[in-house]
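Read through the structure below, which is laid out as structure tokens, and then see the notes.
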Amino acid sequence: MNGADNVNKNECPILYSYWRSSCSWRVRIALNLKGIPYQLETDWDKITKNIPFGLIPALYINGELLAESLAIIEYLDEAFPNTVRLLPEAPMERAKVRILALQIIANTQPLQTPRVQEFHSDSVEERERWARHWIILCFTKLEEILKETSGRFSYGDQITLLDLCIPPQVFNAHRYKVDLTPFPTIVRLNKILSEIPEFKTADARYQPDTPENERTC
């Protein structure tokens with residue numbers, strides 16, 4: 001069953017997004033995996049006007065506006081259960097996947113956002129050092145856990161919420177010049193995931209608002 005079957009036929013879902021936003025990237029992957037067609041809105045005037053707190057991503061779907069990537073992804077997983085499931089059926093396994101995903105969603109990625117970095121320092125070099133510190137801290141712990149939990153994907157052999165977090169965070173690691181040599185499991189998973197069509201079309205480098213110079217990265 002395609003996710004489009006449960007979407008209001010008179011209204012195409014709208015994803016308020018920014019090409020390099022890790023949070024938006026995760027939601028783009030989820031929508032693609034669920035087979036839900038959507039249109040992107042990247043106009044910042046419309047974003048700040050229509051979205052509570054002015055933060056992306058936000059998804060307008062079935063007459064409602066949802067915000068926060070984790071809330072959006074969990075809504076999609078619950079509202080469209082006959083498509084790819086992003087969380088395991090067993091409650092304990094669901095909790096374990098959430099715990100690992102939140103290490104990126106809550107404990108790492110938010111510390112790299114422009115508003116946090118700009119508050120932290122006026123120095124570009126210091127902002128990069130700050131971002132690297134938190135990425136390395138996360139990846140060091142996550143690498144050890146993924147050695148135990150990963151199969152073809154990060155938590156066994158089925159795609160989960162955790163997999164949606166990896167390519168955006170690896171992209172940020174490259175952006176902030178993190179040496180990924182100590183993290184071979186993360187590198188392996190990122191390579192596998194990045195070759196999946198639903199992940200590839202969600203990639204920051206292939207979005208309508210991606211600057212031309214970033215498309216060649």
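Quick notes on this one:
- Odd one out for V84 among (1) buried (at least 16 other Cβ atoms within 10 Å of the Cβ); (2) closer than 23 Å to W19 by Cβ; (3) in contact (Cβ under 8 Å) with a residue 12 or more places away in the chain: (2)
- The helices (runs of 4 or more DSSP H) falling completely within segment 68-182 that include 2 or more residues that are in contact with a His (Cβ under 9 Å, 6 or more places away or on another chain) and within 27 Å of R205 (Cβ to Cβ) map to 124-149.
- Positions within segment 167-193 being without any contact (Cβ under 8 Å) to a residue 60 or more places away in the chain and either farther than 21 Å from I136 by Cβ or surrounded by 18 or more Cβ atoms within 10 Å (Cβ to Cβ) (or both), in sequence order: V170, A173, V178, F183, T185, I186, L189, N190, I192, L193
- Residue ID - farthest from E214 (Cα to Cα), chosen from residues in segment 16-73 that are loosely packed, with under 15 Cβ neighbours inside 10 Å and free of Cβ contacts under 8 Å to residues at least 12 places away in the same chain: E64
- Some residue of segment 46-65 being at pLDDT below 95 and within 19 Å of I166 (Cα to Cα): yes
- When the residues of segment 1-41 are filtered to those that are more than 26 Å from L102 (Cα to Cα) and polar (S, T, N, Q), the one that is modelled with the highest pLDDT is Q39.
The values are calculated or read from the model by the stated rules, or taken from the named source; none is laboratory data. It should be emphasised that the depicted structure is a prediction, and the values quoted were computed from it without experimental measurement. Note that each Cβ is placed from the backbone with ideal geometry, even for glycine, and that neighbours are counted across all protein chains shown.
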